[in-house]
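The values are calculated or read from the model by the stated rules, or taken from the named source; none is laboratory data. Keep in mind it's a predicted model, so treat the numbers as computed, not measured. Protein only, heavy atoms only, side chains kept; ligands, DNA and RNA dropped before computing areas. Shrake-Rupley method; radii C 1.70, N 1.55, O 1.52, S 1.80 Å.
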Amino acid sequence: MTFQRSIYILIVSILLSACSTTTQRQPPAGNPQQLWQQHQLQLQTIRTWQLQGQIAFISPDSRNSATLNWQQFVNDFNINLTGPFGIHVLTIKRRDNISTLILDDDRQYQGRNTQTLINQLSPIPIPVNELRAWIIGDPLTDDVQLDNYGRVTQANHPLGWHISYTQYQRVDNIWLPKNIIIKQADMRIKITTRNWKLNATQD
């Protein structure tokens, strides 16, 4: 397996895996902790969604980026990474309790446990199961800093990840992350989400 392919596998594993903002809106009434609790209840109502964006993996030795298309349907998902000119880089999907990883040369790997499947192809353990929550703005930890809107700006996860939400956007009356930075040691993942669609239907 080439180094570049390993990097893309690592990116996807972090996906399986927000914050300051330039908005002029007046912060709602209430203290940040109360507003954060209300926001968490909103996030829990999100069961299906689609997003498009960009993802970059940055290490001391390299930087790789790809276009991200992610469809989430409760526990099923479909994640595609594409490079320049729409060239397929990697797909990982889950249907009927089976996860499938498709590489750029069309080789496929399957397994019942997504985390185990990823760990078999990447030497670095990644918190796959947490990332679905992280990308919608729930860091799954109480060690957080909040802004005046009750949104998370910084978070320290018990597994050793530091999450920064540097900008939000309002989607269907819910604040969702626009820019996310995930760090651990000398690894850094940057995610920019452009288009959100909530309550998407499964094809």
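Here is how the numbers come out for the structure above:
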item: Cα gyration tensor, the range 60-156 - rounded (a/c under 1.5), prolate or oblate; result: prolate
item: Whole-Hz ³J(HN,Hα) from phi, Karplus 6.51 cos²θ - 1.76 cosθ + 1.60, for the range 161-170, glycine and proline x; result: 8, 10, 10, 10, 9, 9, 7, 10, 9, 9
item: ³J(HN,Hα) computed for each position of the range 143-160 - Karplus, 6.51 cos²θ - 1.76 cosθ + 1.60, integer Hz, glycine/proline x; result: 8, 9, 10, 10, 8, 5, 8, x, 9, 6, 9, 9, 8, 10, 8, x, 7, x
item: Cα gyration tensor category, rounded, prolate or oblate, for the range 25-77 with a/c compared to 1.5; result: oblate
item: Three-way shape call for the range 91-203 based on the alpha-carbon gyration tensor, with the a/c threshold at 1.5; result: oblate
item: Whichever aspartates and glutamates have a C-alpha closer than 20 Å to that of Lys190, once near sequence neighbours (fewer than 8 apart) are set aside; result: Asp61, Glu130, Asp138
item: Integer Hz, Karplus 6.51/-1.76/1.60 couplings in order for the range 56-65, x for Gly and Pro; result: 10, 10, 10, 10, x, 9, 7, 9, 10, 9
item: Surface share of carbon and sulfur [accessible, 1.4 angstrom probe, percent] for the range 59-137; result: 46
